[in-house]
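J.: Structure provided below as structure tokens; questions to follow.
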Amino acid sequence: MIALGILLVLVLLLVVFGLLFRIQILTSIFSGSSTREIGTSNRVNAILFILFMVIGGGAFAYSFIENYGKMNPPIASVHGHEMERLFWTTMIIIGIVFVLTHIALFVYSYKYQHKEGRRAYFFPHNNKIEIIWTVIPAIVMAGLVFAGWKEWTKITGPAPKDSVVLEVMGKQFNWLVRYPGRDQKLGVVNYRLIDATNEFGFDLSDKSGLDDFVAGEIHVPKGHPVLLKIRSRDVLHAVYMPHFRVQMYAVPGMPTKFWFTPTKTTDEMRAQLGNPKFNYELACNQICGRGHFAMKLNIIVDEPDDYVAWFSQQKSFSEQNPDVLASFKQKSEKLGETENASAAAAVVTPAAKASL
């Protein structure tokens, strides 16, 4: 508390000295004894503005060209090309405005540096200029937003009926993947059933979930629509697949979805990049906690026949965990006995009524 009191006193003293200095300057101005001396620093600062524009602009251009490949991995989905076109259309428009406004900012700062005898022109308002710089950006932005909305509604709207469906759930700090079995229907899950074994919360009393299986990596077929059903078990995550141009938040308590069609198998992309160790990747690009760096999952794009072969080799969660299935059967049997006993107790025969 003493240190805090001393700090407050020092701050107040600085404020008081500042006000006294300001009063002295105002007094000298009103009395006519004030003179303003503009040294060489004004000229130096004006030149530095131009140097900063040239050097900073050159560094920006170099950084952009050097990292262009990292920012733009090869596209491996149908909708990715349209998304890329929209992205770069937006970047070009914004980039032109950005460059022109900053050139004007630095050049005007140099050109209109302080000079004795020069007075600024008082220009308070102009309706024509106000209309121009309001209407033109509004039209351009409306066009960009409409084009983006049109494409976004396609990839977040209803997926084709023959889509491969899988569920991706994020949790600190890994991804869980669930596929429907041969019935192509994901079963019911219940967060109350989640434990170390049943991480998804499978409710095996639902017959649709008996053939569901989990996978350690995502497999999808080339040239076939894939519907991702996305959930989060704890905090905000994001399903980010850069080569497929897929980005969708995984929000606790609010399921989301995204569908896309892969166009290149993993082997084809490895050949294109000349990297035999390449794998498509699902990453979380939201800072979701201390272990955020670990939230990665490999994606394998197979030829359709290879995908069918992989799918047929998977074992359902109930097959891999017979003890969990057995406990559900026991609970179901006990529940059935309880319900039967309750129903029997509720039935009152005519003879029993007469005795009453």
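The values are calculated or read from the model by the stated rules, or taken from the named source; none is laboratory data. Only a predicted model underlies this, so the values are computations on that prediction, with no experimental measurement involved. Surface areas here come from the heavy atoms of the whole protein model, side chains and all, with no ligands, DNA or RNA. Shrake-Rupley method; radii C 1.70, N 1.55, O 1.52, S 1.80 Å.
J.: Number of Lys-Lys pairs in the range 164-328 under 15 Å by Cα, sequence gap 8 or more or different chains? Don't skip to the end; give the middle numbers.
T.: On the way: Lys171/Lys229; Lys171/Lys296; Lys185/Lys207; Lys185/Lys229; Lys222/Lys264; Lys229/Lys257.
Final tally of qualifying lysine pairs is 6.
J.: Computing the accessible area with a 1.4 Å probe over protein heavy atoms, can you report the carbon and sulfur percentage for the chain?
T.: Values: 15610 of 23970 Å².
Here it works out to 65 percent.
J.: Which of the aspartates and glutamates could a cross-linker span from Lys161 if the Cα-Cα distance has to be under 18 Å and same-chain partners fewer than 8 positions apart are dropped?
T.: Asp183
J.: Can you run phi through the Karplus equation (6.51, -1.76, 1.60; θ = phi - 60°) for the range 231-240 and list ³J(HN,Hα) in whole Hz, with x for Gly and Pro?
T.: Computed from phi, the couplings for the range 231-240 are 9, 10, 9, 9, 10, 6, 10, 9, 8, 10 Hz.
J.: Now a separate question. Between helix 80-111 and the chain, what is the angle of the helix's C-alpha long axis to the longest principal axis, kept within 0 to 90° and rounded to the nearest 10?
T.: On a 0 to 90 degree scale, this one is about 20.
J.: How far, in degrees from 0 to 90, does helix 41-66 lean away from the longest principal axis of the Cα atoms of the chain, to the nearest 10?
T.: Between helix and principal axis, roughly 30 degrees.
J.: Related question: Rg and Dmax of the range 1-81, using alpha carbons, in Å: what are they?
T.: 26.9, 76
J.: For the range 179-189, take each phi angle, set θ = phi - 60°, evaluate the Karplus expression 6.51 cos²θ - 1.76 cosθ + 1.60, and give the result in whole Hz per residue in order, putting x for glycine and proline.
T.: 10, x, x, 5, 6, 6, 10, 6, x, 6, 10
J.: Once you have the Cα-Cα distance between Ile92 and Lys111, take 0.36 nm times their residue separation minus that, and quote the gain in nm to one decimal. Write out the running numbers ahead of the final one.
T.: Numbers: separation 19, 0.36 × 19 = 6.84 nm, distance 2.79 nm.
4.0 nm is the gain from fully extending Ile92 to Lys111.
J.: Among Arg233, Arg22, Arg290, Arg245, what's the order by accessible area (1.4 angstrom probe), most exposed first? Walk me through the numbers on the way to the answer.
T.: Numbers: Arg233 90, Arg22 130, Arg290 230, Arg245 40 Å².
Heavy-atom accessible area, descending, gives Arg290, Arg22, Arg233, Arg245.
J.: Limiting things to C-alpha atoms, what are the Rg and the maximum Cα-Cα separation (Dmax) for the range 164-328, in angstroms?
T.: Looking at the range 164-328, its Cα Rg and Dmax stand at 15.9, 50 Å.
J.: I would also like to ask the following. What is the spread of the Cα atoms of the chain along each of their three principal axes, largest first, in whole Å?
T.: So the three principal-axis extents are 116, 67, 46 Å.
J.: In degrees, nearest 10, range 0 to 90: what is the angle between the Cα axis of helix 322-346 and the longest Cα principal axis of the chain?
T.: Helix 322-346 sits at roughly 70 degrees to that axis.
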